1. In whole percent, what relative contact order does the chain give with Cα contacts below 8 Å and a gap of six or more residues?
2. Modelled label-to-label distance, Arg108 and Ser3, 7 Å Cα→beta-carbon offset: nm?
3. Pull out a ≥ b ≥ c, the square roots of the eigenvalues of the alpha-carbon gyration tensor of the stretch 35-106, then state rounded if a/c is under 1.5, prolate if not and a/b is larger than b/c, and oblate in the remaining case.
4. When the accessible area of the chain is split by element with a 1.4 Å probe, what percent falls to carbon and sulfur?
5. Where the centre of each part is set by its Cα atoms, how far does the stretch 18-67 sit from the stretch 98-125, in angstrom?
6. For the stretch 6-256, what is the Kirkwood estimate of the hydrodynamic radius, computed as the reciprocal of the mean inverse distance between distinct Cα atoms, to one decimal in Å?
7. Divide by every residue of the chain the summed helix terms, -39500 (n - 2.57) for each DSSP H run of at least 4, and state the resulting mean residue ellipticity at 222 nm, rounded to the nearest 500 deg cm²/dmol.
8. Taking 30 Å as R0, compute the FRET efficiency from the Cβ-Cβ separation of Arg153 and Ala86 and round it to 0.05.
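The values are calculated or read from the model by the stated rules, or taken from the named source; none is laboratory data. Every value quoted in this text rests on a predicted model; they were computed, and no experiment measured them. Glycine gets a Cβ as well: all are built from the backbone with ideal geometry, and neighbour counts include every protein chain shown. Areas reflect the complete protein model, heavy atoms only, side chains present, ligands, DNA and RNA absent. Shrake-Rupley method; radii C 1.70, N 1.55, O 1.52, S 1.80 Å.
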Amino acid sequence: MLSYQHAFHAGNLADVHKHALLATALARLTGKPKPLSYIETHAGRGLYNLRAEAALKTGEAEVGIVRALSSGWLPQDHPLREALAAIRAQHGPDSYPGSPLIAAHFLRPQDAAHLAELHPAEQAALAEVAGFARLHHQDGFAMANALIPPTPRRGMLLVDPSYEVKPDYDRMSDWITRMARKWNVGVIALWYPVLTDDRHRPMVGALAATHPQALRSEVRFPPARPGHGMVGSGMFVINPPYGLDTEADRLAALYAGL
Ligand code: SAM
């Protein structure tokens, strides 16, 4: 179990979609002075090197964030562009932030952050860069369940599983709905892959039926390798911050041109 390592995929087209929405949401939420909670169930290692062997092996970042930047996908004042610039100023030009470090860029001293990661090597790497947050070396679903509703009450939950086992899809809709009921003011964001075999569809259909007001942002892109099953990226956001739908539309138009 836990064979997934995000280092092979960091900065790919799915990350650009997910991280552009995450950064936009957090920029919006931290635009108000009131404190907030940021909770992430599947944090990963937080910081990636796009020249590392794993990244070069797949080449996914090259057609992801590298091409997005050179094609002008992220305007100078885009929140992800700003977070990326800050991370690169600190960690070098080949670095790429995972979601925890994107969050760190926006969070303020008055905010609370909780990150869960189960893989020991990922945990150890995360601990090196995530001094701003409380780290939980446990199942992310259990952590979130125990924390929600959090203090401070405003805030955001990001659920970004690696979907290594089918039950990840089967149980997700009910679990997300339980969290949304416990935390009715929370921004709850679930990332999912768009797959050629439609395995994600029942989960997304159930979520959309239960949360008709939620934002469903889906983009499509060519598979990383011929025959690879992932052909797109989805974010389902309950209680999306104001303006996130505009960013979702902007991203959809960009990806449609691929
Ligand atoms: N959110 C990260 C980002 O955007 O930079 C990427 C996370 S990666 C897709 C998923 C991570 O979840 C992996 O590092 C994996 O080790 C971890 N993981 C898998 N199952 C988990 C669980 N039940 N609880 C917490 N972490 C888990």
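1. Relative CO of the chain lands at 23 percent.
2. 4.6 nm
3. Here the stretch 35-106 falls in the oblate category.
4. Using a 1.4 Å probe with all protein chains present, the chain comes out at 53 percent carbon and sulfur.
5. Result: 10 Å between the Cα centres.
6. 18.1 Å
7. Counting only the DSSP helices, I get -11500 deg cm²/dmol.
8. That gives a FRET efficiency of 0.60.
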